[in-house]
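To start, the structure under review is shown below, and the notes come after it.
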Amino acid sequence: MKTIIQTPKAPTPIGPYNQAILVDNTLYASGQIALDPKTMELVNRDIETETNQVMKNLSEVLKAAGMDFVDVVKATIFLYDMGDFAKVNKVYGGYFDHKVAPARETVQVTALPKNVRVEISVIAIR
């Protein structure tokens, strides 16, 4: 059974998709960018601030599904500039216990929605 996960504490989708889909005990969270959920304005002063907002948005989607970062088993990071990898990695790493951190890949892309520098999606299991 498929359950739509939606919370006003994360940005409203800007296209034909949902914030996340829960199937049995597995959550598939759509990629988040650094939109402030209250204003839908970008929070992108620098790459660290942008990444932190992305992680806050993911946290709210996880909470809406009754989960947390400890439940994340897979993450995908999309970067506009691989030169930002170390800074993004530092912020991202602050949200996980390194002993049980998820599997992950990071890929550089030519463009992201609203010209952001980072987008992150996750899969979590209860």
Requiring at least 1 residues that are within 18 Å of residue 18 (Cβ to Cβ), the strands (runs of 3 or more DSSP E) wholly within the range 40-126 are 72-79, 118-125
Can you tell me which of (1) modelled with pLDDT of 95 or more; (2) over 13 Å from residue 121 (Cβ atoms); (3) not hydroxyl-bearing (Ser, Thr, Tyr) is the one residue 62 doesn't meet?
(2)
Residues of the range 77-88 satisfying the condition of being closer than 23 Å to residue 11 by Cβ and surrounded by fewer than 16 Cβ atoms within 10 Å (Cβ to Cβ):
81
Only one of (1) touching a residue at least 24 places away in the same chain (Cβ under 8 Å); (2) exposed (fewer than 15 other Cβ atoms within 10 Å of the Cβ); (3) farther than 17 Å from residue 91 by Cα is not met by residue 64, so which one is it?
(2)
Residue check, residue 60 over 17 Å from residue 75 (Cβ atoms) and not β-branched (Val, Ile, Thr):
no
State whether the residues of the range 75-86 include one that is farther than 18 Å from residue 44 by Cα, within 15 Å of the chain's Cα centre (by Cα) and of a type outside the set (Phe, Trp, Tyr).
yes
Residue pairs qualifying under the 7 Å Cβ cut-off, at least six apart or on distinct chains, with the first in the range 33-51 being β-branched (Val, Ile, Thr) and the second being modelled with pLDDT of 95 or more and part of a strand (DSSP E or B), are 33/119; 47/118; 51/118
What are the residues in the range 49-58 that are among the hydroxyl-bearing types (Ser, Thr, Tyr) and either crowded, with 22+ Cβ neighbours inside 10 Å or touching a helix residue (DSSP H, G or I) at 6+ places or on another chain (Cβ under 7 Å) (or both), if any?
51
Are there any pairs with C-beta distances below 6 angstrom linking a residue in the range 102-126 that is over 21 Å from residue 42 (Cβ atoms) and free of Cβ contacts under 8 Å to residues at least 60 places away in the same chain to a residue that is among the small types (Gly, Ala, Ser) and outside any loop (DSSP other than H, G, I, E, B), with the two at least 6 apart or on different chains, and if so which?
102/75; 104/75
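The values are calculated or read from the model by the stated rules, or taken from the named source; none is laboratory data. Small disclaimer: the values here were computed from a predicted structure and weren't measured. Cβ coordinates were reconstructed from backbone atoms using ideal geometry, including for glycine residues, and neighbour counts include every protein chain displayed.
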